Amino acid sequence: MTESRRRKAPLVADKRYPSKGRKPATSKRTAKPAGKKAAARKTTTRKTTRKRTRKKSGGNGGGFFRRLFRWVWRLIWGITWRVGAVAGLLLALAVGVVYTSLPDVDSLLDGRARGSVTLLDRDGKVFAWRGDQFGGVITADTVSPHLKNAVVATEDKRFYRHFGVSPRGVASAVRINLSEGRGPLSGHGGSTITQQTAKLLCLGVPYVPSEWESEAAYESDCRQGSLWRKAKEAVYAMAMEVKYSKDEILTIYLNRAFLGAGARGFEAASQRYFGISAAEVNPSQAAMLAGLLVAPTRYAPTNNLQRSQDRARLVIGLMEAQDYLTASQASTARSNPAQLSEAAAARAGGYFADWVITELPSFFGTDTTDDVVIRTTLDQRLQKSAEEALQYIFQEKVREGSKAQAAIVVMSADGAVRAMVGGRKTRVSGAFNRATQALRQTGSSFKPFVYATALELGYSPLDTVVDEPYCINIPGSGQWCPENYTRKYYGRVTLADALKNSLNVPAVKVAEVAGLENVRTVASEFGIESDLAQGPALALGASESTLIEMTGAYAGILNGGSAVEPFGLSELKLLGDDTPMMVKTSGIGERVINDKAAKQLTWMMMRVVSEGTGARAQLPGWQVAGKTGTTQAARDAWFIGFTADYVAGVWMGYDDNTPLSGVTGGGLPAEIWKETMLRVTEGMTPTPLPMLAPDPPVRTAQPRQQRRRQGSGFENAINNLLNNIFGN
């Protein structure tokens, strides 16, 4: 009983398993330890998990910062996309507003505020340009492909891929500027062609003369590079990208870009530098033109051809790198750099061109708004002759480093100016013109007008006058005693010999006999418009005049005694018009002295060159008439002379009136004249001078009393003069 009580009945679960092979059931006491181990393992697993979690999250503090960071990021992102959306809408609105204000492309191609002046020589060949040259409209389709490629390669290689603004270009420009030690917006701007076009259009603000101090001030304002201006420029550029096609934008750019030497647009520049259309330029010419965009004045080939060619080589390299040129084409372009046209290389008549423009009404010249074409009297062969002669004398016969200046004028007997040199630097524009602007004392070159007056009054070149010490009391100045250059006196001499040897005392005496007022009248009627001296020093050239006035007055002697107005314009037309608006065929005016007097004076002046002070001006085989002139202390030296075909005047001196050293009118000025005329007369057949040898002498000139010239008839004046000199 006791054992049966102790034995427990089998569990129901035990019946599910067969007794064979069944593991004996474990008692509760045995199972307890197994439960504790499992619990321990679970606890260890939970601790390990918590450690790993804490390690990843940094503990409870890491979770806080993580949540904070997420919150801040969401806040920033929320603000950013909203601000971006608003900015995008505002930008789109701004672009839309500008878009609506943009005109048609055709109205933007010629944006000049003033017109151009094209000057042709006497043969109709272009030799100079003034004003803003346009040249005509070109398009991205009609221009040479080489030029189109050169511009894109140089200025904006991503032109056909961006939307008007190139962030990559801006970033690259900022990086370059910073690396070169400049501010981020100083120097390279990273502007696209579209942005540059917007700047050329001044963001749509037209030039109104009344609102600006000058056109230069307007353009300076258009080019300012402030941050605000850049932002407006970007908006305008994007609006253009919406309004116009890429080729239309490029067309505007090609027509409005300034390319130096007054050329606006590539057509004008191509015509200006190469004498051909922009549709015809080859790779080397295209590269030179595109190279001007960075600095038009500095790289203009008319200023420095070598520098312009060096710049073109860089552009050729860019074209090759961007596959616009093959290696062979690039090599050929480098080996054959662009050269200037004959007219551009010569840059002839810079002084002459400036003078012609100043002689025009301003609305046809400096302030013209039209394109004007002027045919002039310039002979480029004669112009080259004068320039070469001046250069030769200063190289061969003037000490190195001398600052002495010289000027030359060559004209026909009717006043048509054929050549003009206003200074030693011949290839200039806008420079001080010593031929037309410098008022200088004339010295003995004035004496022909003294003798012209006497001859007009009936004197003969063979009449005599006494060369002797001579003094005159001048009211308010005291006694004045003229002396000859040699400080010697030669007694009784003929008027012809007195002029031949440039004697001062006889000239003063003859001027007093003829009448100082008459001498002033003759000189002024011959074209010397400057104020003439009132006293007897008038006869010795104390008055001032310009070289062109003096040369024109001598032309009056050559043409037989009629006044001459020097002129350079033959015909003026507006571009495209067939009917001239101005025409001039001659500068001959009223008669000043009779034909006989003019021819006798020519004979006297011929002896100045053949036997007298102007001997250095002799031309083999040619008859030459002329007169030397040297002022007090040799501050001015002149020689003016003529053949039967041309009259030429030469002046030499210092701009600051420093005395010349060892120079007289019969020296270097006469030699410059000779070198000029040797070149001018080359290949020409010598022609005799229109001169008249005098009749035998009949009387002596001795001053008694001045007589005024009365009108155009002098018979009574001559009779009275003879009575005063020789008695009744």
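A Cβ-based charge dipole, computed about the Cα centre of the stretch 294-452 with Lys and Arg at +1 and Asp and Glu at -1, lands at about 740 debye. In whole percent, and with a 1.4 Å probe on the protein chains, what portion of the accessible area of the stretch 558-630 is carbon and sulfur? Roughly 48 percent, rounded to a whole number.
Remark on the stretch 301-415: Rg and Dmax equal 20.9, 61 Å (Cα only).
Ordered by 1.4 Å accessible area with all protein chains kept, 622, 480, 638 run largest first as 480, 622, 638. Using the Cβ-Cβ distance between residue 584 and residue 99 with R0 = 45 Å, the FRET efficiency computed as 1/(1 + (r/R0)^6) comes to roughly 0.30.
Which value in Å does the Kirkwood hydrodynamic radius of the stretch 456-497 take, with 1/r averaged over all unlike C-alpha pairs and then inverted? Evaluated on the stretch 456-497, it is 12.1 Å.
3J(HN,Hα) along the stretch 495-501, derived from phi through the Karplus expression 6.51 cos²θ - 1.76 cosθ + 1.60 where θ = phi - 60°, amounts to 4, 5, 5, 4, 6, 4, 9 Hz, with x in place of Gly and Pro. Count neighbours as other Cβ atoms within 10 Å of each site's Cβ, and list the chymotrypsin sites (Phe, Trp or Tyr not before Pro) in the stretch 96-162 that are DSSP loop with at most 14 such neighbours. Here the chymotrypsin sites (Phe, Trp or Tyr not before Pro) that fit, given the DSSP loop and packing criteria, are 160.
Volume of the convex hull of the stretch 572-705 (Cα atoms only), normalised per residue: 233 Å³.
For the peptides 85-95, 335-345, 562-572, what is the packing order when you average, over each peptide's residues, the other Cβ atoms within 10 Å and list the highest mean first?
Values: 85-95: 12.2, 335-345: 16.2, 562-572: 21.4.
The most tightly packed comes first, giving 562-572, 335-345, 85-95.
Rounded to whole numbers, the Karplus 3J(HN,Hα) couplings from phi for the stretch 449-458 are 6, 5, 6, 4, 5, 5, 5, 5, 7, x Hz, using 6.51 cos²θ - 1.76 cosθ + 1.60 with θ = phi - 60°, and x at Gly and Pro. Solvent-free Debye calculation, one equal scatterer per alpha-carbon of the stretch 421-568: log10 I(q)/I(0) at 0.11, 0.12, 0.18, 0.21 Å⁻¹ equals -0.45, -0.53, -1.05, -1.31. Within a straight-line Cα-Cα reach of under 18 Å, residue 596 can be paired with the following aspartates and glutamates, leaving aside sequence neighbours fewer than 8 residues apart in one chain: 456, 463, 525, 695, 715.
Remark: the stretch 420-570 carries 34 Å² of accessible area per residue (probe radius 1.4 Å; ligands, DNA and RNA excluded). For the stretch 444-507, trypsin sites (Lys or Arg not before Pro) are listed when DSSP marks them as loop and at most 10 other Cβ atoms sit within 10 Å of their Cβ; the list is 487, 488.
Residue order by solvent-accessible surface for 603, 673 is 603, 673, largest first, with ligands and nucleic acids left out and a 1.4 Å probe. FRET efficiency for the residue 298 to residue 231 pair, using the beta carbon distance and R₀ = 25 Å, is estimated at 0.30.
Taking label positions 7 Å along the Cα-Cβ direction at both residue 142 and residue 658, the computed distance is 5.5 nm, reported to one decimal. Each peptide in 207-213, 308-314, 540-546 receives the mean, over its residues, of other Cβ atoms within 10 Å, and ordering these scores from highest gives 540-546, 308-314, 207-213. Of the cross-linked pairs 384/573; 157/243; 403/674; 384/425, those separated by over 24 Å at the C-alpha level are 384/573.
Evaluated with a Cβ-only charge set (Lys, Arg +1; Asp, Glu -1), the stretch 95-157 carries a dipole of roughly 260 debye about its Cα centre, given to the nearest 20. Here residue 474 sits with roughly 40 square angstrom of accessible surface, probe radius 1.4 Å.
Suppose every Lys and Arg Cβ carries +1 and every Asp and Glu Cβ carries -1, with no other charges. What dipole size does the stretch 250-344 come out with about its Cα centre, to the nearest 20 debye? Spell out each step's value before the answer.
On the way: 8 positive and 6 negative charges, 67 e Å.
Dipole size: approximately 320 debye.
Could you do me a favour and compute the accessible area per residue for the stretch 575-708, 1.4 Å probe, result in Å²?
Working: 6160 Å² over 134 residues.
So the stretch 575-708 comes to 46 Å² accessible per residue, rounded to a whole number.
Straight-distance candidates among the aspartates and glutamates for linking to residue 230, with alpha-carbon spacing under 19 Å and chain neighbours fewer than 8 residues away dropped: 155, 156, 219, 221, 241. When the alpha carbon gyration tensor of the stretch 524-587 is reduced to an equivalent ellipsoid, its three semi-axes come out at 34, 13, 8 angstrom, largest first.
The values are calculated or read from the model by the stated rules, or taken from the named source; none is laboratory data. Since the model is a prediction, treat every value here as computed from it, not as a measurement. Every residue, glycine as well, gets a Cβ built from its backbone with ideal geometry; the counts of neighbours run over all protein chains shown. All accessible areas refer to the heavy atoms of the entire protein, side chains included, with ligands and DNA or RNA removed. Shrake-Rupley method; radii C 1.70, N 1.55, O 1.52, S 1.80 Å.
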